[in-house]
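Every read-out reported here was derived from the displayed coordinates using simple, explicitly stated rules and does not represent laboratory data. None of the values given here were measured: they were computed from a predicted structure. No Cβ is skipped: glycine too gets one built from the backbone with ideal geometry, and neighbour counts run over all protein chains shown.
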Amino acid sequence: MSDMPSLDESPGDSFVSAAARRGPLALEAASLNKDFGLGRHHKLHAVRDVSFKLYRGAVIALVGESGSGKSTVAKLLAGQETPTSGSIVLDGEPVDLSSLRAFRRYKSKVQLVFQDPFASLNPAHTVHYHLKRPVVLQQGKSKGDVELEIDSLMTQVRLTPADQFLGKYPHELSGGQRQRVSFARALAARPSVLLADEPVSMLDVSIRLEMLSLLDDLCRRFQLALLYITHDIASARYLADEILVMYAGQIVERGPAEEVTQQPAHPYTQLLVASAPDPDNLGSALRKGASRTGKPPDLASTALEGCPFSARCEFAEDRCRLESPPLRQVSPARSAACWRLEVVASQVLAGEKGGKGGTTS
Ligand SMILES: Nc1ncnc2c1ncn2[C@@H]1O[C@H](COP(=O)(O)OP(=O)(O)O)[C@@H](O)[C@H]1O
Ligand code: SF4
Ligand SMILES: [Mg+2]
């Protein structure tokens, strides 16, 4: 072990986010943990010590296989689940959602869009109804202003002419149109943070790229701090400034999207990138759908000791099964939780030492 070059552990405050240059800090998740009880004696550790920051005008992608804890992170940030430990800070204020008033105010600033727009829209109500409520509630505008605002939202999500859509019910719209209504409804609250949980994965492959481009556009235009959740690392590369790779409830690698996808450091990220159909060609990756990366971990049986990836990792050695690796800094904006980075990411580290492959801006 003594011949290993030393890599900083737990980068903490020295960590530079690739998203920070876009705009001011909006929301911070600090050491979030979420356990679910399974019967009397078992606990499932769905989220383990997850920390990150969302900046206005920037996209952070949370990437991982199904069951890795992504939606639980979104629910914690949206106030739909209570963390077992850890904290959330919004605009510099620690979040305490114990009063209804505080909860309402928080919810207007932090909006969540789901994978399935059908499930989140009320089948009994028109598009106009879905948008009018949040506009009136959040903005207290006069009647004329409300209609103008609704019109403007429809234009922003490219549902025009608005009159053709406002009177329709969810079942009269296509999947893509329904998701646009969900986006418009989220924006109606004038949020600073948008949490988008697999927002394109239920849509027809032919329109996914267009919807991602719309999200990108909305993020810049409204200076949203966007958390884009996906199992598809190719789409994360397309949309995000920074990528957080999640495995078994933990962040195992984080860094600038381009670096993480071009030269993944963690063995799990390497597997995700290798099994994406063609990381250089997003169109083809999106058309072919989900990547095949084998069986996701069973969180209930994933021990807290040791590296969660050790059962699937070709580089695993004894230490990996005994001690959990902390995030170790690979470059100023990049870190990975692996004991064997000197072996598995030697090229990344060599590039960093030679002054190449570091942060790109
Ligand atoms: N309310 C719940 N009660 C018990 N287990 C849950 C609950 N919600 C999620 N889980 C479990 O937590 C793990 C992470 O789930 P989830 O956050 O939905 O992952 P992802 O969104 O990455 O697919 C899964 O094993 C899931 O079964
Ligand atoms: S710590 Fe060990 S088991 Fe875990 S990813 Fe690194 S080499 Fe593989
Ligand atoms: Mg999910």
Q: Give me the angle, in degrees from 0 to 90, between the Cα long axis of helix 100-109 and the longest principal axis of the Cα atoms of the chain, rounded to the nearest 10.
A: 80 degrees
Q: Over 24 Å between C-alpha atoms is what I'm after, so list which of LYS70/LYS107; LYS34/LYS132; LYS107/LYS141; LYS34/LYS107; LYS53/LYS75; LYS75/LYS141 land there.
A: LYS34/LYS132; LYS75/LYS141
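When the dipole is taken about the Cα centre of the chain, and only Lys, Arg (+1) and Asp, Glu (-1) are charged at their Cβ, what size is it in debye, to the nearest 20? Could you put the intermediate results ahead of the total?
Working: 42 positive and 41 negative charges, 219 e Å.
Magnitude of the dipole: close to 1040 debye.
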Q. Going highest first, how would you order 43-53, 100-110, 192-202, 27-37 by mean Cβ packing within 10 Å?
A. 192-202, 43-53, 27-37, 100-110
Q) For the charge dipole of the chain, defined by +1 on Lys and Arg C-beta atoms and -1 on Asp and Glu C-beta atoms about the Cα centroid, which residue among ALA196, ILE60, HIS41 has the Cα displaced farthest towards the positive pole? A) ALA196
(Q) Residue by residue through region 75-80, what is 3J(HN,Hα) from phi via Karplus (6.51 cos²θ - 1.76 cosθ + 1.60, θ = phi - 60°)? Round to whole Hz and write x for glycine and proline. (A) 5, 4, 5, 7, x, 8
**Q.** Simple Cβ-charge dipole of region 22-133, Lys/Arg +1 and Asp/Glu -1, about Cα centre, in debye nearest 20
**A.** 340 debye
Q) How large is ³J(HN,Hα) for each residue in region 200-213, as worked out from phi by the Karplus curve 6.51 cos²θ - 1.76 cosθ + 1.60 (θ = phi - 60°), to whole Hz, x for Gly and Pro? A) 10, 6, 9, 8, 4, 3, 5, 10, 4, 4, 4, 5, 5, 5
Q. Between ARG158 and residues 5 or more places away or on another chain, which pairs have amide H atoms under 5 Å apart, with H built 1.01 Å from N, and which residues are they?
A. none
(Q) Could you tell me the relative contact order of the chain? Use alpha-carbon pairs under 8 Å, at least six residues apart, and round to a whole percent. (A) 22 percent
Q) To the nearest whole percent, what portion of all C-alpha pairs in region 14-300 is separated by more than 24 angstrom? A) 51 percent
Q: List the aspartates and glutamates whose Cα lies under 18 Å from the Cα of LYS143, skipping any in the same chain that are fewer than 8 positions away.
A: ASP151, ASP163
Q. With the Cα gyration tensor of region 112-230 giving a ≥ b ≥ c as the square roots of its eigenvalues, does the rule (a/c under 1.5 for rounded; else a/b larger than b/c for prolate; else oblate) give rounded, prolate or oblate?
A. oblate
Q. How do the peptides 141-147, 326-332, 180-186, 151-157 rank, highest first, by the average count of neighbouring beta carbon atoms within 10 Å per residue?
A. 180-186, 326-332, 151-157, 141-147
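Applying 1/(1 + (r/R0)^6) with R0 = 56 Å to the Cβ-Cβ distance of LEU322 and GLN223, what FRET efficiency is obtained, to the nearest 0.05?
0.75
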Q | the chain, helix-only ellipticity at 222 nm - DSSP H runs n ≥ 4, -39,500 (n - 2.57), divided by all residues, nearest 500 | A | -10000 deg cm²/dmol
Q: Report the extension gain between SER85 and ARG21 in nm, rounded to one decimal, defined as 0.36 nm multiplied by the number of residues separating them, less their alpha carbon distance.
A: 20.1 nm
Q. Efficiency by 1/(1 + (r/R0)^6): what FRET value for LEU137 and LEU38, r their Cβ-Cβ distance, R0 = 41 Å, to the nearest 0.05?
A. 0.60
